[in-house]
Amino acid sequence: MSKKQKFIVLFALFIVPLLFYIFLSLGINNFAKLPVLTNDIVDISAVDKNCKFDRNISIVTFLGKDVDAVKGEFFNLNQKIYKPFYGFKDFQLVVVAVKGTEEEVAKLEKKIGAFTNMIKWRFVFASEAEIEVLYDSFKTNQSLDSNLHTSKAFIIDKDVALRGRKDDKDAADGILYGYNMTSVAELNDKMKDDVKVVLAEYRLALKKNNADREI
C-alpha cells in the first residue's frame, strides 16, 4: 500500500468521523427547538397503564362527551397530522375520552379506520375528575368546555413536557399552547411544522449520541 493510500485510509477512519461529530454538534447547538411551555405534565399512564407519554412524542386531544358533534375535528387531525407522521418511531395520537362514551368512540374509530392505519391511535377512557386533573396539568390559558372537550390538539414530548410557540402572531401574548383542530390551515401551516421540529430534535440528538459512541 502506497503512502497516499495509507493517508486516505487514515483520513477515512479518523478525520471524517471527527468532522461529522463537529458538524452534528454545531447542528444541535444552532437548531431552533420548539419551546417548552409546561414541564411535569401528568403522564397518561396515571389513568391507563397501557399508555404513556414518557419516551413518546404524543399528540394529545380531549374528545369530550358529545363525540358526534366534534368528529370533524378528528378527521382533520387525522389527515393533516396523523397520516404524515404515524410511521415515525415513538409517535402516537392520544385521544382522552370520557368513560361511558365507549360505543360512540368505537363508531368514530371505525369511520376513521376505514381509510387509515390506526396503529398509533390510543383511546384512553377516564373519569371526569381524571380528565380535569390531566388537562389542568397542561397549564394552558383556556379551560375545557362543559363537555370536557377542547378543539385544541397538544404536542407532548418524550420528557412529558408541553411544547408550543412563544412568538405566535395570532395567539394571546404570543403563546400558542395548542393547535385548533377546526382549522385545517392551522394544522397544516403551524402544527405540522412544529411536529417536524420536535421529531428533528430527537433525530439529531440520536445521531449525535451515535457519533459520540463511535469516536
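Annotations for the structure displayed:
- Segment 132-176, subset open to solvent by 70 Å² or more (accessible area, probe 1.4 Å) and among the polar types (S, T, N, Q), residue farthest from ALA32 (Cα to Cα): SER146
- Counting the residues of segment 141-158 that are in a loop (DSSP other than H, G, I, E, B), under 29 Å from GLU201 (Cα atoms) and touching a residue at least 60 places away in the same chain (Cβ under 8 Å) gives 2.
- Here is the figure for segment 58-71: residues that are farther than 23 Å from LYS196 by Cβ and open to solvent by less than 10 Å² (accessible area, probe 1.4 Å) total 4.
- Tally of residues being hydroxyl-bearing (Ser, Thr, Tyr) and more than 22 Å from the chain's Cα centre (by Cα) across segment 82-127: 2
- Exactly one residue among PHE53, PHE85, PHE91, PHE74 is in contact (Cβ under 8 Å) with a residue 40 or more places away in the chain, within 16 Å of HIS149 (Cβ to Cβ) and open to solvent by less than 60 Å² (accessible area, probe 1.4 Å), and that residue is PHE74.
- Just one residue in the set ALA185, ALA200, ALA106, ALA129 is surrounded by fewer than 16 Cβ atoms within 10 Å (Cβ to Cβ), at pLDDT below 95, among the small types (Gly, Ala, Ser) and not in a loop (DSSP other than H, G, I, E, B); that residue is ALA200.
- Qualifying residue in segment 170-181 (condition: of a type in the set (Val, Ile, Thr) and closer than 22 Å to TYR86 by Cβ): no
The values are calculated or read from the model by the stated rules, or taken from the named source; none is laboratory data. This structure is a prediction, so every number in the text was calculated from the model and none was measured. With ideal geometry, Cβ positions are generated from the backbone for all residues, glycine too; neighbour counts draw on all protein chains shown. Calculation scope for accessible area: heavy atoms of the full protein, side chains included, ligands and nucleic acids excluded. Shrake-Rupley method; radii C 1.70, N 1.55, O 1.52, S 1.80 Å.
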